[in-house]
1. Once you sort the root eigenvalues of the Cα gyration tensor of the range 21-116 as a ≥ b ≥ c, which label holds: rounded (a/c under 1.5), prolate (a/b larger than b/c) or oblate (the other case)?
2. What order do you get for 42-49, 87-94 when each peptide is scored by the mean count of other beta carbon atoms within 10 Å, highest first?
3. Of the listed peptides 29-40, 97-108, what is their order by residue-averaged count of other C-beta atoms within 10 Å, with the highest listed first?
Amino acid sequence: MRAVLITTLAIAAACGLSACGFGESGVTVSKSDPDYQGAELFAANCAGCHTLTPAGTEGTGNRGTRVQGPNLDQRTETHSSALFVIRNGGYSGAIMPQNIVVGDEAEEVARFVAKYAGKDAGDE
């Protein structure tokens, strides 16, 4: 019974996370860019909640929902702050899953975010 409950909860969580995504339009970073792999990883793991145009992600379609993440086109991040957020589930740890990517993949995503986030910051 306990195994069935755990499996059911895991499936529900996976469905919930996939449902929060609004979509992707495709990575626009060149495959020859050293940060291309970070863009691909970001698109695969972060698209459901975060907008970042170079990764082709649009975040959640309903910006009023609690699962939305910051629009990273409008917010700059350093490598160390991005890595902190990845490892700790955001700054509050309340919504974003901790260690959504780990190890070298976390480093690649953090480098990509630090390089490309904030392109629209200050344009308003």
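1. Oblate shape, in that a/c is at least 1.5 and b/c is the bigger or equal ratio.
2. Details: 42-49: 22.1, 87-94: 12.0.
Ranked from most to least packed, the peptides come out as 42-49, 87-94.
3. Top to bottom by mean Cβ count within 10 Å: 29-40, 97-108.
Just so you know, all these numbers are worked out from the coordinates, no wet-lab data involved. All values derive from a computational prediction rather than experimental measurement. Backbone-built Cβ (ideal geometry, glycine too); neighbour counts: all protein chains shown.
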